[in-house]
Each structure stands twice: as structure tokens, then as C-alpha cells.
1. Out of VAL264, VAL284, VAL344, VAL297, report the one residue that is part of a strand (DSSP E or B), outside the structural domain of ARG179 (by TED's automatic domain parsing) and among the aliphatic types (A, V, I, L, M).
2. Being of a type in the set (Gly, Ala, Ser), surrounded by 24 or more Cβ atoms within 10 Å (Cβ to Cβ), over 20 Å from GLY43 (Cα atoms) and touching a residue at least 24 places away in the same chain (Cβ under 8 Å), is that true of even one residue in the stretch 101-113?
3. Take the residues of the stretch 411-426 that are among the small types (Gly, Ala, Ser) and loosely packed, with under 13 Cβ neighbours inside 10 Å: which is modelled with the highest pLDDT?
4. Test LYS443 against the criterion of being surrounded by fewer than 19 Cβ atoms within 10 Å (Cβ to Cβ) and at pLDDT 95 or above, and give yes or no.
5. What are the residues in the stretch 332-384 that are β-branched (Val, Ile, Thr) and in contact with a Leu (Cβ under 6 Å, 6 or more places away or on another chain), if any?
6. Quick one: would you say ASN272 is in contact (Cβ under 8 Å) with a residue 40 or more places away in the chain and either outside any strand (DSSP E or B) or among the hydroxyl-bearing types (Ser, Thr, Tyr) (or both)?
7. Out of all the residues in the stretch 55-77, is one or more buried (at least 21 other Cβ atoms within 10 Å of the Cβ), under 24 Å from THR308 (Cα atoms) and among the hydrophobic types (A, V, I, L, M, F, W, C)?
8. Give all pairs with beta carbons closer than 6 Å in which a residue from the stretch 16-38 that is assigned by TED's automatic domain parsing to the domain that holds GLU66 meets a residue that is assigned to a loop (DSSP other than H, G, I, E, B) and more than 8 Å from the ligand (Cβ to nearest atom); count only pairs at least 6 apart in sequence or on separate chains.
Amino acid sequence: MSGTQTHVIIVAGAGPAGMAVASALSKAGHEIIILNRDIKFGGLAEYGIFPSKLKLRGGLKKQYWELLQQKNVHYFGNVSIGNGKDLTVEDVRGLGASSVVFTIGAQGTKAIGVEGDSAQGVFHAKDVVYHFNRLPGFGDRPFEMGKHVAVIGAGDVMVDIAHWLIRYKKVERVTAIVRRGPVERKYNPKEIRSICANMDLEGIKSEFERIKDRLSKVGQNPDDVLRVFTDEFTKCEPKVSETKMGFRFLASPKRILVDSNNRVRGLEMEDNRLDPKGEDTVAVGLKQYYEFPCDSVVFAVGDRVDETVGLPYKNGMFVTNPNKTANDPDDALFQAYDDSTGQVMDGVFLAGWARKASEGLVGVAKRDGDWCAEVVERYLTTKSGGKDAKIVLDHLHSLLRNRQSRPVDVNGLRALDVAERSFAGKADCIGEFKFAANQDMLKYIEQGRM
Ligand SMILES: Cc1cc2nc3c(=O)[nH]c(=O)nc-3n(C[C@H](O)[C@H](O)[C@H](O)COP(=O)(O)OP(=O)(O)OC[C@H]3O[C@@H](n4cnc5c(N)ncnc54)[C@H](O)[C@@H]3O)c2cc1C
């Protein structure tokens, strides 16, 4: 703590990074105000991680509940920050806290940028994930998948989408479209267990046959690569559908082909070769094009931050201080920076996926939050006396009242929890009951308070 001084710190976002910042700084005795877009806390731990990962989700939830019970932690769910939202960035900075930490994740979607990307049947992975995890705005509208879904990507999110398509949607076929080859796959081998019972092994063998010359050219032995690739198909979760899961390697979608109703009918694909690049490889287009039939496409190629929030933004990221700081040079990595004025935004910090979009698992976001909390602590030692928490909270309440916002506090969350548990018998395919619309949540929160 900065001497005997305690400060008020606003944490925007209640995902793993924000909760880590809040936890570390509350333990240091500061007053923490959490502002979160979603009614519920957890971010992608609530609305991203696959529903069947009960142990991981349950463990995180327990920790987060414990944090929110602390007297010096004040939770405001259903409060969105951004232009035209409940509060602007300037409103938040003007509340009088000593510091504001933005841990609002990576809410933007990477522009797909291929012709036909607005066709019916084209989706962003994050939206699909939000849909099956019942995030309001996504959980309450249909995501119509066809029979053959092409998922672009080779990471864990691709596997999660395939898992949902295989287990719950029971589509006929899922094909992962991978720019480079099988060696460059990015998913964790453990994750593949959720879908390996559905692998179309014959199809995978013929796909290896198709690309074997291109693998050999970069010194990858196709037989060895196939063996290592398929050896990971062990401890598969039981098969629950007849969906066939396959891969198309060394292929980049160039155009989405549509029918007369603007519905996806396939992808125009370009074949790639691999070129060595140091220890790694790069994909190089061969200008050989062909049609790949499918009726839905999900882009699982990572996310970027939401540029409409009002924080300085460049190339998919919020801008951080490019200059090393004097006390600890790496502190700069967390400081928000206004590149139009060339000034650090005093007291404003970034952590988690808001700092580095789509970077790593929960543990990485938590570590980033912990690290950021240390940076904030160092910053606070340079500040004399913070404002009284009551003054900041009164100011916040009055602003939210004026904006007709409907913030949800920890008591509201408890009422919601009770209501959702009472509907447990109505759990759907994701194994738990969740209201998928804010209106429903708010209704039960009000009722629970009466
Ligand atoms: C599909 C998918 C599956 C994953 N599965 C796993 C897994 O199995 N295991 C694992 O360890 N990790 C997994 N991860 C990674 C993990 O979810 C992330 O590392 C972590 O959630 C990032 O934390 P964060 O706090 O930076 O952002 P987020 O979790 O995105 O949290 C952001 C928070 O900010 C709030 N917010 C957003 N915008 C605003 C705004 N404008 N104003 C106010 N609040 C706002 C949101 O409501 C949210 O609570 C997965 C990620 C994805 C996308």
C-alpha cells in the first residue's frame, strides 16, 4: 500500500484479468469499484469457456464470489462503458478514483475482409461461443447452422466450436480449414479429446495424401506427421453423434460463395505451400483456386479490442505507452497512452485481453491482472491522498441514475443465482439454466429483492 494511504480504484471489466486486479488491490486495503458490462461477473470464464468444463468454471466462480463479498469491493454489473453507453471513458475518469484499470477484454471481431462475408451462414467464433454460453444479446437469438460447417482456424476456439457442433447441433460434417499444415496446429492436444471420437480418419488420411509433397518440401515427413497427429486421438470423450470431423490443410478462404438467397454454398479456396522462416514456417498462396462446398462458415481467427469504447486505439489494440518508464521500464506496457497528444493517460491502465487481444488462457489473464496491480501500486506511491470512497460511489450512483441505468450489485447477483437455481430442472443442452436476456435477469433480481 502507498504508505498508510488507501485509494479508490475503478476496475472496468469483471473477467479473469479484472478480478485479479481487484483481488490484489483489495487485499492491499484499497476500495475497489468494479464496473462490468454484463450483469454477471466472469467475462469469458462465464460466457466463453466451454460449458462442460465444470471444474474450471466452478473453481473460478467460487473465487469470484468470495472477492465480491469483501466490504471494500463494490460491484456494478450491467454498466457498459463507451460512447453512447451507460458511462463514457471520460465519465469514469471523472469519478474521482485514483486510478482506472480497463480489463474489458477483446470485444471487437476481426474483420473477415473476404467477399461474401455478410452472407447468411457466416459467423464469428466469439459470437457463436457467446450464443451457446447464453450471453444476453447472443444467447437469445438463433444461430442457424447448416449441415456442413467450415470452421476457419486451428486453435482451441476452433475445437470448442467443433465440439458444440458435434455434441449439441449434431451437424453432418465439420471441417477445420487451416492456413498452414498439421504441424503448425495450435490447439492443445488435450482439447482434441472432446471431439476425437468423431474424426473421419479415412478423410484425414486422404487429406494428408493431398498435401504430402508440400510437407516433404519443408522437411516434414508426412507419415510421421500423420502418426503424431492421429496419436493424439486418445482418451476421446464418448461419441454422441454421427458428425464427421475433418481437416483441410494448406488452404485459405478467398471468397464466400453464396446462392441466390445470399446463403453460403461454399468457399473459394486458395492452396498454400509452406516456406521455412527461421525455425518456423509461413504459408504462401499458390494461386491455385477451387471451390470447397459447405453451407456455414465460422471464423475462429482471434479477436481484437472494441475501438468504439473511446480509448486510444490502433491496429486492433488499445494504445499503451511506447516509452519505457523510469522506475520500472515494463510498467509502460500497462499504461494507456494517448498517441494524438503523445501523453500517458494519467492513472489509466490496461490488463488482460484488453491489453493483448486473444492472448492465452485464464491463467495468463490472471497473471496479467496481478502484474498490472503491482504497476498500479507503484503508481499510487506517487499520489497523495485518494478521495473518500463514499464520495466516488455517490457520484457514480447519481450519474447512473441520471442515465437511467440499472446497475446490479452483489445482492442482485445473489437473487439472480437463487432464481436460476430454481429453474435448474429446465437446464438445456449446456447443462445449466441461464437466463439469456437481461430483461429476464433484471425481473428476477427485482423479485428476489422484494
Ligand atoms: C471460446 C473461448 C474458450 C476459452 N476456453 C478457455 C478454457 O477452456 N480455459 C482457459 O483457461 N481459458 C479459456 N479461454 C481464455 C479465457 O477465457 C481468457 O484468457 C480470459 O477470459 C481473458 O480474460 P479478460 O478478463 O482479459 O477478458 P474477458 O474474460 O473477456 O472479460 C472482459 C470483461 O469485461 C466486460 N466488458 C466488456 N466490455 C465492456 C465495456 N465496454 N464496459 C464495461 N465492461 C465491459 C465484460 O462484461 C467481461 O466481464 C477461452 C477463450 C475463448 C474465447
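The values are calculated or read from the model by the stated rules, or taken from the named source; none is laboratory data. Quantities reported herein were computed from a predicted structural model and do not represent experimental measurements. Positions of Cβ are backbone-derived with ideal geometry, glycine not excepted, and every protein chain shown enters the neighbour counts.
1. Only one candidate qualifies: VAL344.
2. Within the stretch 101-113 (the criterion being of a type in the set (Gly, Ala, Ser), surrounded by 24 or more Cβ atoms within 10 Å (Cβ to Cβ), over 20 Å from GLY43 (Cα atoms) and touching a residue at least 24 places away in the same chain (Cβ under 8 Å)), the answer is no, since none of the residues qualifies.
3. First pass over the stretch 411-426, keeping only residues among the small types (Gly, Ala, Ser): 412, 415, 419, 422, 424-425.
Now restrict to residues that are loosely packed, with under 13 Cβ neighbours inside 10 Å: 422, 424-425.
Numbers: SER422: 92, ALA424: 79, GLY425: 79.
Filtering the stretch 411-426 for residues that are among the small types (Gly, Ala, Ser) and loosely packed, with under 13 Cβ neighbours inside 10 Å, the one modelled with the highest pLDDT comes out as SER422.
4. yes
5. Kept after step one, since they are β-branched (Val, Ile, Thr), are these residues of the stretch 332-384: 341, 344, 348, 362, 364, 375-376, 381-382.
None - no residue of the stretch 332-384 is β-branched (Val, Ile, Thr) and in contact with a Leu (Cβ under 6 Å, 6 or more places away or on another chain), so the list stays empty.
6. Numbers: in contact (Cβ under 8 Å) with a residue 40 or more places away in the chain: yes; either outside any strand (DSSP E or B) or among the hydroxyl-bearing types (Ser, Thr, Tyr) (or both): no.
Criteria not met by ASN272.
7. Yes, the stretch 55-77 contains a residue that is buried (at least 21 other Cβ atoms within 10 Å of the Cβ), under 24 Å from THR308 (Cα atoms) and among the hydrophobic types (A, V, I, L, M, F, W, C).
8. SER26/GLN70; SER26/ASN72; ALA28/MET1; GLY29/MET1; GLY29/THR6; HIS30/THR6; HIS30/HIS7; GLU31/ASN72
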